[in-house]
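Chemist: Dropping the structure in here first, questions after.
The values are calculated or read from the model by the stated rules, or taken from the named source; none is laboratory data. A quick note: this is a predicted structure, and the numbers were derived from the prediction, not measured. Here Cβ is always computed from backbone atoms with ideal geometry, including for glycine, and neighbour counts include all displayed protein chains. Heads up: the accessible areas ignore ligands, DNA and RNA and are worked out on the full protein's heavy atoms, side chains in. Shrake-Rupley method; radii C 1.70, N 1.55, O 1.52, S 1.80 Å.
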Amino acid sequence: MAASWTKTAWAGWSVMTFLAIGVATYGAVAAFLSLDGSLPSMTHHYPDRTTAAALHFGIGGLALILGPWQFLPALRRKAPAAHRWTGRLYVLSCLVSGCAALVLAQQTHTGLNSQIGFVLLATLWLITTLIGWKRARERDFAAHRRSMIRSFALTLAAVTLRFYLPLSQVLEIPFHVAYPIISYACWVPNVLIAEWMIRRSAIQPASPAPQ
Ligand code: HEM
C-alpha cells in the first residue's frame, strides 16, 4: 500500500473498522451477558458447547477490534513494537476463536453443506493467520502483508454473515435455505476482494520495513 492513503482508502478503512467494532461488541454481549440464556443469544444455539461458543464469539471479537489498526502505515512506522504486540494478540485471538469455530461447526444448523462451509472458513482463517505470523518472523513483510490481508478478510466473515442473515429474513428466504448459502457467501467474496486488493497493490511497491 502507498505510504499515504487516498480518501477512498480512509473511507473504506473507517467503514470496515466501524462495522468490525460494532459486531465485536454485539458478539461480546451475546457471549458473556447471555450465558444464562436470558438474552436472545447465540450461545444457546449450541446447548452443549456454550464454552466453545463463548470463546468463538468473545475472543473472535478481539481479532475484529485489533485487526484494522495493523493496516495503518503510520502506526507501523511510528510504533513497530505496538504493531508487533497487537499483532501477536490478534494472532492468538484468531487461533482460539478459530479452534472454537471448528468445534461449533460440528453442530452447525442446516446440515452438511453449512458444516463444510464453516469448517473451510475456520481452517483457512487459521492457516492464513499462522502463515502471516510465520512470514513476519522470517521478516518477509510483503508475504506477511498478503497473508494478513487474507486473514483479516476471513475475520470479517463475522461482519458479512451478520449482514446476510437479516437480509435473508427481509427477503423471506427460509433459514434452512439461506444458512447453507450464507456459510459460503460470508467469506468467499471477502477472499476474492482480498485477492483483488493484493493483486492491485502488487502494481505499487510495498512501503519499506522500518530499519
Ligand atoms: C491483521 C494484520 C496484521 C497482523 C495481525 C500483523 C502482525 C504482526 C506481528 C505479530 C508481527 C511481529 C512478528 C513477531 O516478531 O512475532 C508483525 C511485524 C511486522 N509487520 Fe505485521 N501484521 C499485520 C499487518 C501488516 C501489514 C499490512 C504490514 C505491511 C507491510 C505489516 C508489516 C510488518 C512489519 C514491517 C513488521 C516488523 C516490525 C518490526 O519488527 O519492526 N504487518 N506483524
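Chemist: Among the listed residues L104, L154, L124, identify the single one that is modelled with pLDDT under 95 and part of a helix (DSSP H, G or I).
Modeler: Just one listed residue meets the conditions, L104.
Chemist: Also, I was wondering about something else. Is there any pair with a first residue in the stretch 150-169 that is more than 24 Å from R135 (Cβ to Cβ) and a second that is away from the ligand (no atom under 14 Å from the Cβ) and open to solvent by 60 Å² or more (accessible area, probe 1.4 Å) whose Cβ atoms are under 7 Å apart and which are 6 or more apart or on different chains, and what are they?
Modeler: If the second residue must be away from the ligand (no atom under 14 Å from the Cβ) and open to solvent by 60 Å² or more (accessible area, probe 1.4 Å), the pairs left are V159/L19.
Chemist: While we're here: Within the stretch 172-180, does at least one residue satisfy the condition of being more than 10 Å from the ligand (Cβ to nearest atom) and within 20 Å of M197 (Cα to Cα)?
Modeler: No, the stretch 172-180 contains no residue that is more than 10 Å from the ligand (Cβ to nearest atom) and within 20 Å of M197 (Cα to Cα).
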